[in-house]
Amino acid sequence: MNIFRFLGDMSHILSFVILLLKITQGKSAAGISLRTQELYMIVFCSRYLDLFWNFSSLYNSFLKVVFIACSSAIVYIIRFKSPQKDTWNPELDNFPIQYLIGPCAVAGLLINQDWTPFEMIWAFSIYLEAVAILPQLFLLQKQGEVENLTSHYVAALGAYRGLYLMNWVYRYFTEDDYLQRIVWFAGTVQTGLYIDFFYHYYQSKRGGLSRPVKLP
Amino acid sequence: QSKPSAHDEL
């Protein structure tokens, strides 16, 4: 464990807290992509299958349960609970996620670490997480303006994997035979997708005023 | 001693 990875996990937890507060207190899922939340639920449920046999630390196992529970709760609330379910707009939030899941599944089959079924599923979840934010970014693009809390949610989510990139660099230089090309590649793609958002987020927050984030 | 799994990250 190093500070980058710890801060990355804290940023990830923060993103869950912000989103859960927004949809439970704000009673609205407007501006939130259910598609992206469904992809995250698939990512965590598939990646953390090893909960049952790979006990590397209490910290890991605890957060795996937390991430599966939170992502499932978010999908449940937006999909089934009133009044949030009425604030979700299927016409706007209509990114064809099958075009994300399909290629990631093929990639997981072909490029993985150990050729066992779990490793294929694990690689699938890594690739899927890299592109899972796309429906959310497309939704924000369509709306042009980003609600304040949503912008903090997306920023925390982008920061989490950005901090993980630093964690991988740190581990590469401090641990011998540390090699994780799959997560390095996917994590770089994932963080890259946020660059444009971060630019607009920074511009809007720079003045100290919480001017809304505008996407062109 | 369980094999230290390559997946020690979240």
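The values are calculated or read from the model by the stated rules, or taken from the named source; none is laboratory data. Here the structure is a predicted model, which is why all the values come from computation and not from measurement. With ideal geometry, Cβ positions are generated from the backbone for all residues, glycine too; neighbour counts draw on all protein chains shown.
A few notes on this one:
- Some residue of segment A:199-210 being in contact (Cβ under 8 Å) with a residue 12 or more places away in the chain and of a type in the set (A, V, I, L, M): no
- Leading residue by the ranking (nearest to residue B:8 (Cα to Cα)) among those in segment A:31-41 that are away from every other protein chain (no Cβ under 13 Å), out of contact with any Pro (no Cβ under 6 Å at 6 or more places or on another chain) and not charged (D, E, K, R): A:41
- Test set (1) at pLDDT 95 or above; (2) of a type in the set (S, T, N, Q); (3) more than 24 Å from residue A:1 (Cα to Cα); (4) more than 15 Å from the chain's Cα centre (by Cα) - residue A:82 fails condition number: (1)
- Among the candidates A:151, A:125, the residue that is within 19 Å of the chain's Cα centre (by Cα), within 14 Å of another protein chain (Cβ to nearest Cβ) and among the hydroxyl-bearing types (Ser, Thr, Tyr) is uniquely A:125.
Let's see how each residue does on (1) under 18 Å from the mean Cα position of the chain (by Cα); (2) more than 24 Å from residue A:45 (Cα to Cα); (3) hydroxyl-bearing (Ser, Thr, Tyr); (4) surrounded by 18 or more Cβ atoms within 10 Å (Cβ to Cβ):
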{"position": "A:131", "(1), (2), (3), (4)": "yes, no, no, yes"}
{"position": "A:174", "(1), (2), (3), (4)": "no, yes, yes, no"}
{"position": "A:188", "(1), (2), (3), (4)": "yes, no, yes, no"}
{"position": "A:197", "(1), (2), (3), (4)": "yes, yes, no, yes"}
{"position": "A:212", "(1), (2), (3), (4)": "no, yes, no, no"}
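So that you can scan it fast, the table gives a plain yes or no per residue for (1) among the hydroxyl-bearing types (Ser, Thr, Tyr); (2) assigned to a loop (DSSP other than H, G, I, E, B); (3) away from chain B (no Cβ under 14 Å):
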position	(1), (2), (3)
A:43	no, no, no
A:48	yes, no, no
A:54	no, yes, no
A:61	yes, no, no
A:67	no, no, no
A:74	no, no, yes
A:78	no, no, yes
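- Residue list for segment A:128-148, restricted to those being more than 14 Å from every other protein chain (Cβ to nearest Cβ) and of a type in the set (Asp, Glu): A:145, A:147
Residues are listed down the side, and each one gets a yes or a no for (1) of a type in the set (Ser, Thr, Tyr); (2) touching a helix residue (DSSP H, G or I) at 6+ places or on another chain (Cβ under 6 Å); (3) surrounded by fewer than 16 Cβ atoms within 10 Å (Cβ to Cβ); (4) in contact (Cβ under 8 Å) with a residue 12 or more places away in the chain:
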position	(1), (2), (3), (4)
A:43	no, yes, no, yes
A:47	no, yes, no, yes
A:59	yes, no, yes, yes
A:62	no, no, yes, no
A:73	no, no, no, yes
A:76	yes, no, yes, no
A:84	no, yes, no, yes
A:102	no, no, yes, no
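- If you filter segment A:176-186 down to residues that are out of contact with any helix residue (DSSP H, G or I) (no Cβ under 7 Å at 6 or more places or on another chain) and in a helix (DSSP H, G or I), you find that the one that is surrounded by the fewest Cβ atoms within 10 Å (Cβ to Cβ) is A:181.
- Failed item in (1) modelled with pLDDT of 95 or more; (2) under 29 Å from residue A:142 (Cβ atoms), with residue A:169 passing the rest: (2)
- Subset of segment A:115-174 that is outside any helix (DSSP H, G or I) and not hydrophobic (A, V, I, L, M, F, W, C) - its residue that is nearest to residue B:7 (Cα to Cα): A:116
- Filter result for residue A:142 (surrounded by fewer than 21 Cβ atoms within 10 Å (Cβ to Cβ) and touching a Ser or Thr at 6+ places or on another chain (Cβ under 9 Å)): no
- Within segment A:175-189, the set of residues being touching a residue at least 12 places away in the same chain (Cβ under 8 Å) and more than 14 Å from chain B (Cβ to nearest Cβ) comprises A:188, A:189.
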